[in-house]
Amino acid sequence: MEKITDTMENSAKLITELYQVGLCAINNRGDAEEFSKRNMISSIQMVLSADALLAMRSGINTLTIYRLTDPFFLSIMVFMLHGNFFVFGPFAPVLQSRQHAVHILKESGIKGLSVDDYLRYREHFPNLSVESAEHIVNCFIKICDPDSKNYKIRNPEDFIVDSVHDTSETLREDRINLLQLRYANEQNFIHCVENGDATGALKYLDKMQRDVRYMKEIGSTIENERIACAITRTTLRLCAAKKGLPAYLIDQLSGQNTREVSRETRIDIILSSKERMVRNFCSAIDEYNTNAYSSIIYNAIFYLNTNFTKELTIDDICNEISVSRSYLMTLFKKETGTSPMNYLRQLRIKKACNYLTGTKKSIQEISENVGIPDSNYFVKCFRKETESVKLSV
């Protein structure tokens, strides 16, 4: 073992500061135990244990970078450099939702570790792709030893080769069955969406996500989830267009999801946004199937339903859907039997009733939540619409 140089030490510190991931030399039991104490949460994480690290140090090949992964799918990369054993990590190549965490803890049989504690533990480690991790380690090696030969990347988990080949009849049959099941789930999902059945659509969406084995068992990446959202958005847009929903409405519904997931870094929030998008599309299709409004009035109703918490005027609606004031007033009355502002007031009172029965909010809070800041005016509107309901501020 050679002495760790200033270049090694300074480069390791810089990498840690830039990427928030550890890079340290482990050359004795004290170093190994300190690393394990800092990074382990369960005894099943054998690759992070002091004994495993010391065993790797004694048996590792030179000019080789090994990537190892623990049962929680946290990874480390280990290698020798000038006689020093370095460990890069842990880092998280995939992110996990609560559903993933429940599955992993159940499969591992761990007792006494809650889902929340597990997810908080994983949040301590940076999300870093395998490719990025390999690049960082190779850069560190080149900086510290410009004359070093190229290191090979090896995954010890890949050494075991399944004796059953992909060409076996059984695997071909299983693969065909899986494809048929996936196709059936996709068709059922589309059928539910076109019928405005949000409950059924979400059930088949969940089945489609579970069909992807790695998603079910270990987690996903942010990029994978954004791609999945984009695929779902496209499917929903096609279903909505087929059922005749106006283009304005389709763009509004899909655009909301695009904005929500474009910069999001938490998988749970992305999944929730996707489910909310499915519900919104199904609700819109169901309402469109039930009420035969023209596209202009349907766009106006959608705008009111999604902006009722704001202070709205007739001109706001007209500007949004690009129609004249007189034309909107005439057509809205003809198709709905009421004016846009009466519709808005009725909508707000309906939302207020939901708050009254489902929350403990005060009258002032409820009035503000439904777009009527003046609680006295809200009470007057409420009494007028409900008649028999008596409220006091």
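The values are calculated or read from the model by the stated rules, or taken from the named source; none is laboratory data. Keep in mind that what you see is a predicted model, and the values were worked out from it rather than measured. Note: ideal-geometry Cβ built from the backbone for every residue, glycine included; neighbour counts use all protein chains shown. Note: accessible area is taken over every heavy atom of the protein model, side chains too, but ligands, DNA and RNA are not part of it. Shrake-Rupley method; radii C 1.70, N 1.55, O 1.52, S 1.80 Å.
Values as computed for the structure displayed
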item: Positions within the stretch 22-44 being touching a residue at least 12 places away in the same chain (Cβ under 8 Å) and either small (Gly, Ala, Ser) or in contact with a strand residue (DSSP E or B) (Cβ under 7 Å, 6 or more places away or on another chain) (or both), in sequence order; result: 22, 23, 24, 25, 26, 27, 32, 35, 36, 39, 42
item: Flag for residue 50 being without any contact (Cβ under 8 Å) to a residue 24 or more places away in the chain and open to solvent by less than 70 Å² (accessible area, probe 1.4 Å); result: yes
item: Selection within the stretch 309-322 - of a type outside the set (Lys, Arg), in a loop (DSSP other than H, G, I, E, B) and open to solvent by 30 Å² or more (accessible area, probe 1.4 Å); result: 309, 311, 313, 322
item: Criterion violated by residue 258 - all others in (1) buried (at least 22 other Cβ atoms within 10 Å of the Cβ); (2) closer than 30 Å to residue 125 by Cα satisfied; result: (1)
item: Odd one out for residue 132, checked against (1) surrounded by 13 or more Cβ atoms within 10 Å (Cβ to Cβ); (2) free of Cβ contacts under 8 Å to residues at least 24 places away in the same chain; (3) more than 17 Å from residue 18 (Cβ to Cβ); result: (3)
item: Scope the stretch 100-143; condition part of a helix (DSSP H, G or I) and among the charged types (D, E, K, R); matching residues; result: 106, 107, 116, 117, 120, 122, 131, 134, 142
item: Scope the stretch 185-203; condition free of Cβ contacts under 8 Å to residues at least 60 places away in the same chain and in contact with a His (Cβ under 9 Å, 6 or more places away or on another chain); matching residues; result: 200
item: Tabulated pairs, the stretch 93-116, first under 16 Å from residue 127 (Cβ atoms), second among the acidic types (Asp, Glu) and open to solvent by 70 Å² or more (accessible area, probe 1.4 Å), C-beta under 8 angstrom, 6+ apart or interchain; result: 100/217
item: Which listed residue is in contact with a Lys or Arg (Cβ under 7 Å, 6 or more places away or on another chain) and among the hydroxyl-bearing types (Ser, Thr, Tyr), from 232, 290, 265; result: 232
item: Filter result (within 19 Å of residue 288 (Cα to Cα) and either modelled with pLDDT of 90 or more or in contact with a strand residue (DSSP E or B) (Cβ under 8 Å, 6 or more places away or on another chain) (or both)) within the stretch 318-334; result: 328, 331, 332, 333, 334
item: Residues of the stretch 20-47 that turn out to be farther than 22 Å from residue 118 by Cα and open to solvent by 70 Å² or more (accessible area, probe 1.4 Å), as a count; result: 2
item: Condition met for residue 196 (surrounded by fewer than 16 Cβ atoms within 10 Å (Cβ to Cβ), on the phi > 0 side of the Ramachandran plot and not in a helix (DSSP H, G or I)); result: no
item: The lone exception for residue 273 - which of (1) touching a Ser or Thr at 6+ places or on another chain (Cβ under 9 Å); (2) closer than 29 Å to residue 307 by Cβ; (3) without any contact (Cβ under 8 Å) to a residue 60 or more places away in the chain; (4) open to solvent by less than 70 Å² (accessible area, probe 1.4 Å) it fails; result: (1)
item: The stretch 82-98: number of residues that are surrounded by fewer than 20 Cβ atoms within 10 Å (Cβ to Cβ) and either within 14 Å of residue 139 (Cα to Cα) or of a type in the set (D, E, K, R) (or both); result: 1
item: Hits in the stretch 114-129 (condition: more than 20 Å from residue 224 (Cβ to Cβ) and buried (at least 16 other Cβ atoms within 10 Å of the Cβ)); result: 118, 121
item: Residue in the stretch 299-315 that is in contact with an Asp or Glu (Cβ under 8 Å, 6 or more places away or on another chain) and of a type in the set (Phe, Trp, Tyr) present; result: yes
item: Residue pairs meeting the criteria (Cβ under 6 Å; at least 6 apart or on separate chains; first within 18 Å of residue 307 (Cβ to Cβ), in the stretch 318-331; second open to solvent by 60 Å² or more (accessible area, probe 1.4 Å)); result: 318/325
item: Looking only at the stretch 219-269, and only at residues there that are over 29 Å from residue 297 (Cα atoms) and touching a Phe, Trp or Tyr at 6+ places or on another chain (Cβ under 8 Å), the one that is modelled with the lowest pLDDT; result: 219
item: Members of the stretch 364-379 found to be open to solvent by less than 30 Å² (accessible area, probe 1.4 Å) and either among the acidic types (Asp, Glu) or more than 31 Å from the chain's Cα centre (by Cα) (or both), listed by number; result: 367, 372, 375, 378, 379
item: Test: residue 228 is in a helix (DSSP H, G or I), small (Gly, Ala, Ser) and closer than 30 Å to residue 106 by Cβ; result: yes
